[in-house]
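A short write-up of the structure that comes next.
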Protein chains: 4
Amino acid sequence: MIFASDNWAGAHPKVSAALARHAEGFAAAYGSSTLDRAIEARFNEIFEREVAVFFVGTGTAANSLALASVNRPGGVTFCHREAHVIEDECGAPEFFTHGARLVPVDGPDGRVDPATLTSEIRRFPPGFVHHGQPMAITITQATEIGTVYSGAQIDEIAAIAKHYQLPLHMDGARFANALVHLGMTPAEMTWKRGIDVVSFGATKNGCWCAEALVFLNPADAADLPFIRKRAAQLFSKSRFIAAQFEAYFEDDLWLDLARHANATAGRLQAGLTGASRARIGWQSQTNEVFAILGKEDAEAARGKGAIFYDWKAPRSVSGTIGEDETLVRLVTSFATGEDDVDRFIELFQ
Amino acid sequence: MIFASDNWAGAHPKVSAALARHAEGFAAAYGSSTLDRAIEARFNEIFEREVAVFFVGTGTAANSLALASVNRPGGVTFCHREAHVIEDECGAPEFFTHGARLVPVDGPDGRVDPATLTSEIRRFPPGFVHHGQPMAITITQATEIGTVYSGAQIDEIAAIAKHYQLPLHMDGARFANALVHLGMTPAEMTWKRGIDVVSFGATKNGCWCAEALVFLNPADAADLPFIRKRAAQLFSKSRFIAAQFEAYFEDDLWLDLARHANATAGRLQAGLTGASRARIGWQSQTNEVFAILGKEDAEAARGKGAIFYDWKAPRSVSGTIGEDETLVRLVTSFATGEDDVDRFIELFQ
Amino acid sequence: MIFASDNWAGAHPKVSAALARHAEGFAAAYGSSTLDRAIEARFNEIFEREVAVFFVGTGTAANSLALASVNRPGGVTFCHREAHVIEDECGAPEFFTHGARLVPVDGPDGRVDPATLTSEIRRFPPGFVHHGQPMAITITQATEIGTVYSGAQIDEIAAIAKHYQLPLHMDGARFANALVHLGMTPAEMTWKRGIDVVSFGATKNGCWCAEALVFLNPADAADLPFIRKRAAQLFSKSRFIAAQFEAYFEDDLWLDLARHANATAGRLQAGLTGASRARIGWQSQTNEVFAILGKEDAEAARGKGAIFYDWKAPRSVSGTIGEDETLVRLVTSFATGEDDVDRFIELFQ
Amino acid sequence: MIFASDNWAGAHPKVSAALARHAEGFAAAYGSSTLDRAIEARFNEIFEREVAVFFVGTGTAANSLALASVNRPGGVTFCHREAHVIEDECGAPEFFTHGARLVPVDGPDGRVDPATLTSEIRRFPPGFVHHGQPMAITITQATEIGTVYSGAQIDEIAAIAKHYQLPLHMDGARFANALVHLGMTPAEMTWKRGIDVVSFGATKNGCWCAEALVFLNPADAADLPFIRKRAAQLFSKSRFIAAQFEAYFEDDLWLDLARHANATAGRLQAGLTGASRARIGWQSQTNEVFAILGKEDAEAARGKGAIFYDWKAPRSVSGTIGEDETLVRLVTSFATGEDDVDRFIELFQ
């Protein structure tokens, strides 16, 4: 009953097999092998246009380099108040941009609120050097709390980005989970709506270490080869990332794995909704479920082997949580079994 | 006949097997799993003392974070003129130290010359702010051109480091190759001689992506967890690196692989020494051989499938290279076959 | 009727005279002249202990270098939400610390609220690398909105700083204005209460360009000479700053000038309090007055030559401001005449 | 007999007078005053075209921000081996560019050698990420050793800059000294020959603290307002710099002062050439004279009140200096008296 995080899972057997397959023989280093090239072409197919793809080692690297690629002196990036970039990356985005700042934007359900975003951008009038200057907007899809921006919601943010001529980044650490929820194509969820660059995460969804920075307009990536190398993110045996993506994309494995994780979370969410000793914090749409449990029940569940983290309650629900209750996050992954879900639900009947 | 680089090889089957083995099940993320801990303890055994170990993704990351950990404002690090940090890392060390500089030090056979090093350090008198201040010395073991610092040579550099109270870093991208050449233990090649921190590379010697930053005095690493995370080098599924190291160290696999690479290079060097149409640039001691070939012969070899790079001749040999000749680098690895070596030698008889 | 800012004034005649006096002859450069040394000694007297003093060119430089001197990887500095460092320095503190972040802390009347501060610091548990680590607290004395921390209020913040072992910085862009309001000595307002480092501003109070970074424990400043030089803030003819401080401190000119500015502001505040067409936003204690005016009246005053800026209303007063009203900031300085004050008040009777 | 440096002098009386004159009254802050605007217009006249001018506090700031304005990831700037940017700025250029590197280029007489420059640039082939990428060339006019690039010599460097599409920066800490030596106009010495940006120094030539960063193509400066503010180089009472420039330019004071400094140096150089106990290291063309003196004679001169620094001998002359001799630098300025020069020469007859 491990619901700590989707990064507690290992790698899918097909990913392991791909690594073993490509371990033999020799291939050009630093991203120039035949396999690297083939996977880059695969990204073109997946996004239905020519994109510029850069493999990197971590989601933090992808996000930070995305912002570095649009860096401006005194720059300010707008993100949701609970976004990974501002909360969980130890200042890496600021470090890779030499001090460009992240400005938190509030919004319900984990999503940036368009009106608040506009109001925050307006705090930085053009040419007023004291405050600095807007440089980017970043949204997280799926969000940190399991929700998803609908197509219309992306459109709204993209319209603001366009109006203020700001590049729009999508942190897709759980890109696949959002995608299968929406039933969209990658193109529909990104460039067709105005996204400029995506942190395309595969690690949480069945790979060991496979993240890609995808520029939907290759011209935007002119300096990225140098930015990535200078950031120590150019792998010599780069094909070990390419090999993971090969398996990831083959026969739509990635979509299947995300569907499994989402379905398992849905089963968990439904089960807890009907349970007498638990309730849901809010409706998750992907593979993270947030539940309000009695503190004693939570400890008892841990005693029986369940692993999960307490979570800081957003304002919208904090008022509803009793003194003897706790909000917890339950994450499923490609590797989560239905039996574990059912055993967990059973604990709260 | 692939002698382009040791990073053109893939991963050793035992490394692949370890990855497959650990791909199943769940484990704590971000370096806190049982396996991560076990491999950290393994490093203690290998270095015969308690060390602080940090897994990172690339050798450039290891080197850059090592320097970041001893960073000083206006800082200057002394390295060999041909060192990887100054020649081949796109300014990553300077970037990760916010502009601390690398000062090249000359020295024969790829090694920093102690007298020249002292003379360069003296150019930065204490407290003279205009020039900046010394902050570290870094040496490469094995060097960029296949040679190795002997124990006595390390002692000499370490004495200077101690005299000027400068931390001493060892870029060990080919640590194992140097180690087996010297027949020393890791302790003898490092802390027993005054090395403070090591970039411990395994990627070139049979892993996919396994580099470790090893602080021989754990107290020196107090801030490294933050430095590494901020640098986007903390992997969520960190155990995929740990798993590689598990296989790497088991039954001294790493030493066997390095011995194979060195032996193959030795065979190649000996063969070319005796060949009529080739000669050796200098005596390599590890797995890189530098040969002077006729330009036409080199092209002919490439036509027959040999892959290798031309190399910039150091001053010591450039005078001996004819107009119609070229200096080339030939790198062997754990995966290099003797038959390939012999076929290559045959081409130059 | 110029109330735009205290930096719209020029320099006091005694400051000009000192510059003219020291313009002749030769003196050692880069801060090592007899005059530089004498003024450094003067700072020791003023602070009643040995301090380390560094002249810099701007308040932004003083603040940024203060934070650079206590920089930590993934570092977080806590400041008031409206502080100059976070609102008006274009990201300079983040830039000079390579991305260390500023976390805004709310608090009434322009002062950091101790309970909120504690709560914000606790969001960064020791060793939790994802969030980063606390590195400093900074308060502004006088605050951005004209108020002053009392001795007891400084004590409260200092106790928190001590508890969490965080250095405590005071942005003293208007140090003198706060000092004369409190009737304290510099020692009483700083190190006797736990302040570690002060941005000691003189520019707004009668100098051209005279800012000093004062370390109350000289040992904390060991690296500052390099930090300052690397930041391009070491002036070759440094004595031009020293000369300004010479005049500034002579016969307590600095305190007289601050008293004048405060008194003029007090007169303005009292006058507007009694005026029929204006009211005060809150009680200022120094040389900035915040008034709520009718929009038409404000424009009319501007038409008659008054210069002042609209100000963003803090939450505490925004509810009390009518649609046809505006909050404005009125700043006095050493150069403000009482007649200008009286003429301005007259406009709102 | 003070020949230590031109920055040991104070300010010219006309500069002091201008500061006193503008000390009265109020003026808009942060560079937007009438005086600031007027001086900016004056720069347009002086350079015979519309330029973008930014006042900063130090020459190191001007140089560093110039390079920051053309910054590229993994960037490399080419400069003379003895240039101020690489030798005497404590890594400020690297710091302000987040680690972009300076590559030293050799060349006789303090000037970058065009052939060597080309050869160094070629070490960085386009797109080869490991080495980094060229980003700028910088030359110093006058050079660190008193020589001057002729028009033809600037043309040669500019042709290389153009060929490789690299911006060309001129460190003009002693711009006026070079200008009057050449008898050129500012336009002829800069943009008419291909210079893109100039660090225009006035501090060494009679001001207290007046440096300007001049972009000869204003479009290149689009981000500079933010770069400068973020670097803490935007002065609130910016007109104190403008006032100095007002006096500096009035009635060609700046050219007169530079002529005086050069003439005094010329007298010194001629005198020492004819002296029996001294000889010249090389022909200086501006206000720095380099002489080879007997060590005992040098000490004796110091004993009689002469102040000057020993200088590191360049290779071209080091062979000619005896064991009991020393190379010294003697700098004159606007404030150097002929009597001091004559007294000094007399010591070496």
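The values are calculated or read from the model by the stated rules, or taken from the named source; none is laboratory data. Treat the numbers as computed from the prediction; the structure is a model and nothing was measured. Heads up, the Cβs are rebuilt from the backbone with ideal geometry, glycines too, and the neighbour counts pull from every protein chain shown. Note: accessible area is taken over every heavy atom of the protein model, side chains too, but ligands, DNA and RNA are not part of it. Shrake-Rupley method; radii C 1.70, N 1.55, O 1.52, S 1.80 Å.
Observations on the structure shown:
- Mean sequence separation of contacting Cα pairs (under 8 Å, at least six apart), scaled by the length of the range D:163-322, corresponds to a relative contact order of 18 percent.
- Neighbourhood net charge (11 Å Cβ-Cβ; Lys/Arg +1, Asp/Glu -1) for B:LEU253: -3
- As a length-normalised measure over Cα pairs under 8 Å and 6 or more apart, the relative contact order of the range A:59-160 settles at 32 percent.
- Computed accessible area, D:SER318, all protein chains, 1.4 angstrom probe, square angstrom: 60
- The candidates A:ARG302, C:ARG277, arranged from most to least accessible area with a 1.4 Å probe in the full protein assembly, appear as C:ARG277, A:ARG302.
- Whole-angstrom gap from the range B:262-303 to the range A:189-209, using each part's C-alpha centre: 46
- Two-site label geometry, A:LYS304 and D:ASP252: point separation in nm, points 7 Å out along Cα→Cβ: 9.6
- Counted over chain D, the DSSP beta bridges are approximately 55% antiparallel.
- Note that the range A:307-322 has calculated 3J(HN,Hα) couplings of 10, 6, 9, 5, 10, 6, 6, x, 3, 4, 10, 4, x, 9, 9, x Hz, one per residue in order, obtained from phi through the Karplus relation 6.51 cos²θ - 1.76 cosθ + 1.60 (θ = phi - 60°); glycine and proline are x.
- In this structure B:ARG259 has an accessible area near 120 Å², from a 1.4 Å probe over the protein heavy atoms.
- Förster-model FRET efficiency, 60 Å R0, D:ALA41 and B:ALA17, C-beta, rounded to 0.05: 0.20
- Built amide H within the under 5 Å cut-off of A:GLN133, gap 5+: A:GLY75, A:VAL76
- Listed values for the range D:51-63 are Karplus-derived 3J(HN,Hα) couplings in whole Hz (6.51 cos²θ - 1.76 cosθ + 1.60, θ = phi - 60°), namely 10, 10, 10, 10, 6, 9, x, 9, x, 4, 5, 4, 4, and x replaces Gly and Pro.
- Look at the stretch D:75-81: the mean tally of other chain Cβ atoms within 10 Å of its residues' Cβ atoms is 1.
- Calculated FRET efficiency for the pair C:THR118/B:GLU50, C-beta based, R₀ 41 Å, to 0.05: 0.70
- Computed accessible area, B:GLU24, all protein chains, 1.4 angstrom probe, square angstrom: 150
- 3J(HN,Hα) couplings calculated from phi for the range A:323-330 with the Karplus curve 6.51 cos²θ - 1.76 cosθ + 1.60 (θ = phi - 60°) are, in sequence order, 4, 9, 10, 8, 8, 10, 9, 10 Hz; Gly and Pro show x.
- Cα-based shape type of the protein assembly as shown, given that a ≥ b ≥ c are square roots of the gyration tensor eigenvalues and the cut on a/c is 1.5: oblate
- For a straight C-alpha distance cut-off of 12 angstrom, the aspartates and glutamates reachable from D:LYS295 (same-chain residues fewer than eight places away being disregarded) are D:ASP310, D:GLU323, D:ASP324, D:GLU325.
- Ignoring aspartates and glutamates fewer than eight residues from D:LYS304 along the same chain, the ones with Cα atoms less than 15 angstrom from its Cα are D:GLU296, D:ASP339, D:ASP340, D:ASP342, D:GLU346.
- Point-to-point label distance, A:THR34-C:THR34, nm (Cα→Cβ direction, 7 Å offset): 8.1
- Chain D: relative contact order as a whole-number percent, Cα under 8 Å and 6+ apart: 24
- Structure remark: mean-square fluctuation, Gaussian network model of chain A, C-alpha springs under 10 Å; the largest value among A:PRO126, A:PRO218, A:PRO186 belongs to A:PRO126.
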